[in-house]
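Take a look at the structure set out below.
The values are calculated or read from the model by the stated rules, or taken from the named source; none is laboratory data. Here the structure is a predicted model, which is why all the values come from computation and not from measurement. Quick reminder, even Gly has a Cβ in these numbers, built from the backbone with ideal geometry, and neighbours come from all protein chains shown. When the accessible area is computed, the model is the full protein with side chains, heavy atoms only, and any ligands, DNA or RNA have been set aside. Shrake-Rupley method; radii C 1.70, N 1.55, O 1.52, S 1.80 Å.
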Amino acid sequence: MLINLIEVKDLTKTYKMGDIEVHALQSINLSIQKGEFVSIMGMSGSGKTTLMNILGCLDKPTSGSYRLDNVMIEDIPKDDLADIRNQKIGFVFQSFYLLSRTSALENVELPLLYRKSLKRKERISMAEDALKTVQMSERLHHYPNQLSGGQQQRVAIARAIVNNPVILFADEPTGNLDSRTSLEIINVFQELHKKGITIIIVTHEPEIAQFTERIVTFSDGKIINDVKNHKIESAMEVLKQLSHAKKEEN
Amino acid sequence: MLLFEILTVALKSLVKNKVRTLLTMLGIIIGVGAVITMLAIGEGAKKLVEAEIATMGTNVITVSSNSNPRTAVRQESGTGNAIKLTDVESIKYQVQGVNYISPVVTTYGRLRAGSKNWRTMAYGVNSEYFFIRNYDVSDGQFFSSTQIQSGAKVMVLGKTVADYLFPDGGAVGQRITIRNVPVEIVGVLAEKGQSAVGGDLDDVVLIPYTTVLARLRGWREPQITINVSAISKDIIPIVKEEILQLLLLKNKTLTEDSFIVNSQTDLANMANNVSSTITLLLSSIAGISLIVGGIGIMNIMLVSVTERIKEIGLRMAVGAKKRDVLRQFIFEAIFLSGLGGIIGIVLGSVVAKVVGNMMNWSVVITTWSVLLSFSFSAIIGIFFGWYPARKAANLNLIDALRYE
Ligand SMILES: Nc1ncnc2c1ncn2[C@@H]1O[C@H](COP(=O)(O)OP(=O)(O)OP(=O)(O)O)[C@@H](O)[C@H]1O
Ligand SMILES: [Mg+2]
């Protein structure tokens, strides 16, 4: 039997700005199983980020229920929510959000600092492992401003996976990257997925969605489509073809 | 999160933002430094006055005739001299609480030793004068009561005078002349140095008063003042009053206005009032600079927290709790104000010393000025570190992350 890692029922989110109410999410029902690789698509303003923030325990819904890994999130006090973010969730932001003047290694170490009973040595070795997973072992002591956009996003992904989360959220992780770098990042996600991590990404680009198992489409705060992707592409393969084509050009 | 980790995070963040760290500390450094300097100078002034008064002797009361022509009662002899030599004996035996008493008859004269000349004021005193003024001899001895009774031609010199007249030493036993009267030097006083206001305390010539009255009196009636040292500080007012009453009783034609009876405590009180005013003034300046420094800290802390709302949001997104964020900022503030406070204390002390050297003024750095300024800056630093951080930590996480 497959286990539902995420179970969302009748979830709504309404922003109030003076007299105007924005119904960013309207009665969302969604289940995601352990080990899935899901992409969320939709027009700008359709509520993708709003949903991701709620799923990532960064924000609270206006109404409805959300169960993550058998924990009812609505009932949880703030401090325990911080622990859940710290231990179960990895979150990758569109604009990286790395601490400036702080090395890649220290940025990745950050979540571990807020966890009790980890020695410095353990933290560093976990951070190094995470950076190795995203192929950034060569850049441990670089500062964010000494890294390319793709490299910065790799560091951000390493930070999101350093705590071995049960689920990884990524809100437009390739939104600020060129297509080749985007492919490399998607490749990183596919590799992580192979290791068994559940991943949910938001993307504008249909090509990116093609690399995921399931595509959920949003419009005006509602899910309008939820389909399995039957021909999942491999980012690795595409990258190989690209470099091949380049060689032939030369 | 363990305290140690937060400490490390706080320290790292201070090191990473050197300019901000320095600017914040600057406010504290200037505030604390100013307080230390100002109070040290004020305290120094107080000590200076106390020292000046202490050089006068112990519990000294001076009795002199009031020569102010408007109030002085003219004596039948035509002089303004209300005090007579016999008053010394009367006071000595009839006023309780008198420890030592000496007449002081002042005369001007030129000392000559070989080819060397020294113009100075000489005091005709008795042997108790040495105890009233706390004098010590470094060489020879004071003159004795027999020498006083006989009007011996002897003299005790201050070090400055002795050194000038006899640069090679050996002043004691030498014969010199004062106003062409030959006298023998029987003692040289131990060095007292400079008075706090710069007068030379060693420019002194002492002669038995009998000798002055017999041999060295000028063309007019000698002015006699009386120096008394009371047994204790507390009874000074009583002794003063009794002396005055006795003098009035002895001479019914005189009034209270004929005498000036002054004590060291009168002077000390007056001087203390003045120096307290100075200290108060300096303290207000110091207080203002502390407040200005505090506003500086507040300003920079507010700006820096605003700048760092995104950082706070991110830390909370990856699992920091509100108290973790608060602790980090409070630690940062403690480091800032602690280090700034210490630098301020060191700097303030150095400046105070330099100023003291320049003005030839001994400054006194008191423990309480250090404690006061340090705790004030610590409170300001910590409050203004904590307050904006709390505001930021209370923000909605998403709003903090999105903050521009
Ligand atoms: N803090 C907020 N206050 C008010 N309205 C908000 C707030 N955040 C989002 N909204 C509104 O909610 C709706 C959904 O926004 P959301 O950010 O989820 O869209 P999105 O699908 O992520 O869009 P994009 O693809 O452009 O990132 C939008 O209409 C937006 O204006
Ligand atoms: Mg979005």
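Within the range B:327-346, not a single residue is within 16 Å of ligand 2 (Cβ to nearest atom), within 14 Å of another protein chain (Cβ to nearest Cβ), open to solvent by 70 Å² or more (accessible area, probe 1.4 Å) and in a helix (DSSP H, G or I). Of the residues making up the range B:303-326, those that are open to solvent by 40 Å² or more (accessible area, probe 1.4 Å) and either within 40 Å of the chain's Cα centre (by Cα) or within 14 Å of chain A (Cβ to nearest Cβ) (or both) are B:GLU307, B:LYS310, B:LYS322, B:ARG323. Being among the hydrophobic types (A, V, I, L, M, F, W, C) and within 16 Å of ligand 2 (Cβ to nearest atom) is a description that applies to A:LEU58. Once the range A:148-182 is narrowed to residues that are touching a strand residue (DSSP E or B) at 6+ places or on another chain (Cβ under 9 Å) and away from chain B (no Cβ under 14 Å), the residue that is farthest from ligand 1 (Cβ to nearest atom) is A:VAL166. Picking from residues in the range A:82-100 that are at pLDDT 95 or above and within 16 Å of ligand 1 (Cβ to nearest atom), the one that is most open to solvent (accessible area, probe 1.4 Å) is A:PHE91.
Only a single criterion out of (1) buried (at least 17 other Cβ atoms within 10 Å of the Cβ); (2) facing another protein chain (nearest Cβ under 8 Å); (3) polar (S, T, N, Q) is not satisfied by A:SER103, namely (2). Looking only at residues of the range B:369-398 that are without any contact (Cβ under 8 Å) to a residue 60 or more places away in the chain and exposed (fewer than 15 other Cβ atoms within 10 Å of the Cβ), we find that the one that is nearest to the other protein chains (Cβ to nearest Cβ) is B:ASN396. When each of B:GLY170, B:GLY193 is tested for being on the phi > 0 side of the Ramachandran plot and at pLDDT below 85, the lone residue that passes is B:GLY193. Inspection of the range A:91-114 finds no residue satisfying the criterion of being within 16 Å of ligand 2 (Cβ to nearest atom) and within 19 Å of A:ILE223 (Cα to Cα). For the subset of the range A:111-125 comprising residues that are assigned to a loop (DSSP other than H, G, I, E, B) and without any contact (Cβ under 8 Å) to a residue 12 or more places away in the chain, which member is surrounded by the most Cβ atoms within 10 Å (Cβ to Cβ)? Checking each candidate, the answer is A:LEU118. Annotation note: Cβ proximity below 6 Å between a residue of the range A:191-217 that is more than 14 Å from ligand 2 (Cβ to nearest atom) and a residue that is assigned to a helix (DSSP H, G or I) (sequence gap 6+ or interchain) occurs for A:ILE199/A:PHE189; A:ILE199/A:HIS193; A:PHE211/A:ILE186; A:PHE211/A:ALA235; A:ILE215/A:ALA209.
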